[in-house]
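*Asks:* Before I ask anything, let me first share the structure, which is written out below as C-alpha cells.
Please treat every number below as a calculation from the coordinates, not as lab data. None of these values were measured; they are calculated from a predicted model.
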Amino acid sequence: MSSDYDASDFIDGDLQSQKSPSAGAGAKPGSSPAQRAPTREEVDSELAKTQQRLSELLREKEEKERERAAWEETRRRQAEFQTGRAEMLQSLTRGVGLLEEAEFNSRRDAEQMAKALIELRDALDKVQSIHEETWTRDNFSVELTRALTTLENARMEWTTARLKFAVLAGAVPQSESMAQTAAPVQSLFGIYSFGELCRLGFALTWPVAAVLLALAVVLAVLLHH
C-alpha cells in the first residue's frame, strides 16, 4: 500500500498557481511602489492636476466675486428704493394735504367771490335804475329817500366786497381815498377846540424851543469871549 501513496495528491494546484507569480516576482528590498520616487510622468500629471484645480478655484472665485457684486448692487438698489419710497410718501402726503387745503380755500374764495359778484351786479343795476329826471314835485321826497337808501345799500355792498377781496383795493375812487385820509384830521378838529389845539401844539414844541434857546445862549457866550 505504501507504493500507492503520492504526495502530489495533497497539493492544491489552484492555490499553487496563485502563489507562484508573487513568489517569482523577485521583488528587491526598497523597491515597493509606496516607497519608490515618483517618475517624470507622475510629476507632470500631478502638476497638471494641481494647475487644473487652481484654475477651477480661480474661476469659482471670480464667479463668487461677481455674485457678491450683484448682491451688493441689489442691496444698494433696495436701500435706494426704500429711502425713495419713504421720501416720496412723505412729500406726496404733505403735497396732497397742502393742495387740498389750497383747493378748498380757492373754492371757498371763488364761491364767496361769485356771491359778491352777484350782489355787486344787483347793486349796480339798482343804482343805474335811478332816474332823477323822472321825479316830480309830488314824489320828490319819496324818490330821494328811496335813492339814498339804494346808494347806502350799494355802498355797504361795495365796502364789504372791498374788505374781502384785495383785488378791489385799486378800484377805490380818489375822492373816497382822500376822504379816508382826511377823516383823522377832521375827527381831531371835531374833538378839540382851537384853544386846546394851541395848548397841545405848545406842549409838543416847547422842548424844541428850549433846546434852540440854550444853543443860542451858548453861541452868544462863545462869540463874546
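*Asks:* Enumerate the calculated ³J(HN,Hα) couplings along segment 47-61 in order (Karplus 6.51 cos²θ - 1.76 cosθ + 1.60, θ = phi - 60°), each rounded to whole Hz, writing x wherever the residue is Gly or Pro.
*Replies:* So the J values, rounded to whole Hz, are 5, 5, 5, 5, 4, 5, 5, 5, 4, 4, 5, 5, 4, 5, 5.
*Asks:* Could you go through segment 101-113 in sequence order and give the Karplus-derived ³J(HN,Hα) for each residue, using 6.51 cos²θ - 1.76 cosθ + 1.60 with θ = phi - 60°, rounded to whole Hz, and x for Gly and Pro?
*Replies:* Karplus values, whole Hz, x for Gly and Pro: 5, 5, 5, 4, 5, 5, 5, 5, 5, 5, 5, 5, 5.
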